[in-house]
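Bear in mind these aren't lab numbers, they're just calculated from the coordinates by the rules spelled out. Since the structure is predicted, the reported quantities are computational estimates derived from the model, not experimental observations. So basically every Cβ, Gly included, is an ideal-geometry build from the backbone, and we count neighbours across all protein chains shown.
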Amino acid sequence: MVTSKKIDIRYGSLFPWTFRFLAVLVLIAGLSQLVDRPFLSFALLLVGGFILSAAEGIVIDPTEKNYREYNSFFFLKSGAKVKYSGIEKIFVGTSKTKQQVHTAYTNNSSIFENMQFNGFLKFNDGTKIKLLSKRKKEDLINALNKIAKLLDVPVEDNTSVGESL
């Protein structure tokens, strides 16, 4: 019997850090109401747990030659399996992210720009899927090298030297 070695790559949370912070506060409020108001407490714990456990990622099964991009809530994954014929490579690209932050009492705002490094998986048919994203290029390449070793494919760096912030 051949055992399937699936590679589960958790991309990240579905909610931004502000929602996750509020979810922690909701969990604390739910725990504090556990004795006095059990139904309210259960509802608050459910909402907080839902937000904190929400994640997205991809599962690659090299023996069955399929992958599944998933959304996960309460650690239950949902997503359709897609067959592939072969994997060509893993490559690194860049993107710029912009965030505009407004101050509370004035009409001023600041724009923050960051360079982000993205790792993609390219299949033989030309399909590309995003694997990981990090701000530091070295961290991303280290993580992609581990995945590439499991999939037995090369890692290609498509970024220029000036973009290695």
If I take R0 = 25 Å and measure r between the Cβ atoms of residue 135 and residue 47 in this structure, what FRET efficiency does the formula 1/(1 + (r/R0)^6) give, to the nearest 0.05?
0.25
Are there any chymotrypsin sites (Phe, Trp or Tyr not before Pro) in the stretch 47-104 that are in a DSSP loop and have at most 15 other Cβ atoms within 10 Å? List them by number.
74, 75
Give me the distance between the Cα centres of the stretch 141-157 and the stretch 23-53, rounded to whole Å.
41
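Between residue 127 and residue 156, what length in nm is gained on full extension when 0.36 nm per residue of separation is reduced by their alpha carbon distance?
Extra length available between residue 127 and residue 156 comes to 8.8 nm.
Given the rule -39500 (n - 2.57) for each run of at least 4 DSSP H residues, summed and divided by the residues of the chain, what is its mean residue ellipticity at 222 nm, to the nearest 500 deg cm²/dmol?
On the way: 3 runs with 47 residues, N = 165.
So the helix-based figure for the chain works out to -9500 deg cm²/dmol.
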Note to self: Kirkwood Rh of the stretch 60-112, Cα pairs, one decimal, Å, is 15.7
With x for Gly and Pro, the residue-by-residue ³J(HN,Hα) of the stretch 114-129, computed from phi through the Karplus equation 6.51 cos²θ - 1.76 cosθ + 1.60 at θ = phi - 60° and given in whole Hz, is 10, 8, 10, 9, 10, x, 10, 10, 10, 8, 4, 7, x, 5, 10, 10
How big is the dipole moment of the chain about its Cα centre under a simple scheme where the beta carbon of each Lys and Arg is +1, that of each Asp and Glu is -1, and everything else is neutral? Debye, nearest 20, please.
140
Output wanted: per-residue J couplings in Hz (rounded whole) for the stretch 134-143, from phi through Karplus 6.51 cos²θ - 1.76 cosθ + 1.60, θ = phi - 60°, x for Gly and Pro.
9, 7, 9, 5, 5, 4, 5, 5, 4, 5
Longest site-free stretch - the chain; sites: trypsin sites (Lys or Arg not before Pro), DSSP loop, at most 16 other Cβ within 10 Å
66-134
Options [x] 158; [y] 174; [z] 127 are given for volume of the Cα convex hull per residue in Å³, and the computed one is [y]
Size of the dipole of the stretch 86-157 about the Cα centre, Lys and Arg at +1 and Asp and Glu at -1 on the beta carbon, nothing else charged, in debye to 20?
160
Choose one of 41, 17, 80: the residue whose Cα lies farthest towards the positive end of the charge dipole of the chain (beta-carbon charges +1 Lys, Arg; -1 Asp, Glu; about the Cα centre).
80
Relative to the longest principal axis of the chain, what angle (0 to 90°, nearest 10) does the C-alpha long axis of helix 17-32 take?
40
Run the simple label-point estimate for residue 56 and residue 10 please: 7 Å along Cα→C-beta, distance reported in nm.
1.6
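With contacts defined as alpha carbon pairs under 8 Å and 6 or more residues apart, what's the relative contact order of the chain in percent?
Numbers: 289 pairs, mean separation 29.8, N = 165.
The value is 18 percent.
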